[in-house]
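Participant: My structure is below; once you've seen it, I'll send some questions.
The values are calculated or read from the model by the stated rules, or taken from the named source; none is laboratory data. Computed from a predicted model, the values in this text were never measured in an experiment. Quick reminder, even Gly has a Cβ in these numbers, built from the backbone with ideal geometry, and neighbours come from all protein chains shown. Only protein heavy atoms, including side chains, enter the accessible area calculation; ligands, DNA and RNA are left aside. Shrake-Rupley method; radii C 1.70, N 1.55, O 1.52, S 1.80 Å.
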Amino acid sequence: MTACTEPAVRDVIEAATLPPGIENSRSIGVFLGSFDPPHRGHVWLVQELLSHFDHCLLLIPKVHFSKQVIPGSNATFPQRLSMLEEIRKIAPERIGTGLTNEVLFVRLDRMLRQRFPGTAIGFGMGDETWQRLCDSPAYYARLGLEWTAEDAAGLESLRSRVFFFDRSARTPDGIPVPETVRTISSSRVREAVAALGSHGLDL
């Protein structure tokens, strides 16, 4: 990935489907994920966020440090947004979706707080994403960006507003993920679909 400049606040969410009340929401729980494809684990996660926040915002990053969209193997962004409509049916008046160009959580948090002034912004994330958040300075360096005192303060603030979903169920501060969805991942779903397709099923 190459160095990038911070995008305009108005552009932080693209191709958005936002419920009308979200602009004046008291609180928004954000989940940044590939949703390739969405699955029962995401449904549980959204329901958990809705129990803590007035609204939930599901964002798909248009760039990623370790993944890239491969035609035929991965769903396109429009396909993923379309699939997220099924999750929106849980509470369409409270759930928003969209794409974002920002993959760095500290910057994304700052832009969302500017995009929704006066709204308390929190994030839901799992084990690996939490670790990436903690390693934010290293990811800034990979993009050729300077890690500033403002960024360090932003990280400290953000860490206190994260709902950490713990698959291991061993972290005292985490929200334990139920066994029924603990082992589900988008990668495993794609692998299962590919295996079915290789047996001659028309998928």
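Participant: What percent does the relative contact order of segment 34-131 come to when contacts are Cα pairs within less than 8 Å and at least six residues apart?
Facilitator: After rounding, I find 34 percent.
Participant: In percent, how large is the relative contact order of segment 113-165, given Cα pairs closer than 8 Å and 6 or more residues apart?
Facilitator: It rounds to 55 percent for segment 113-165.
Participant: Once label points are set 7 Å from the Cα along Cα→Cβ at both residue 43 and residue 86, what is their separation, rounded to one decimal in nm?
Facilitator: For the pair residue 43/residue 86, the computed spacing is 0.8 nm.
Participant: In terms of solvent-accessible area of protein heavy atoms at a 1.4 angstrom probe, what is the ranking of 32, 59, highest value first?
Facilitator: The most accessible residue leads, giving 32, 59.
Participant: Skipping prolines and chain starts, which residues have an amide H placed within reach, meaning under 5 Å, of the one on residue 162, given they are 5 or more residues away or on another chain?
Facilitator: When sequence neighbours closer than 5 places are left aside, the close amide H contacts are 123.
Participant: Let me ask another. Just by accessible area at a 1.4 angstrom probe, what is the order of 94, 113, 80 from largest to smallest?
Facilitator: I get 113, 94, 80, largest accessible area first.
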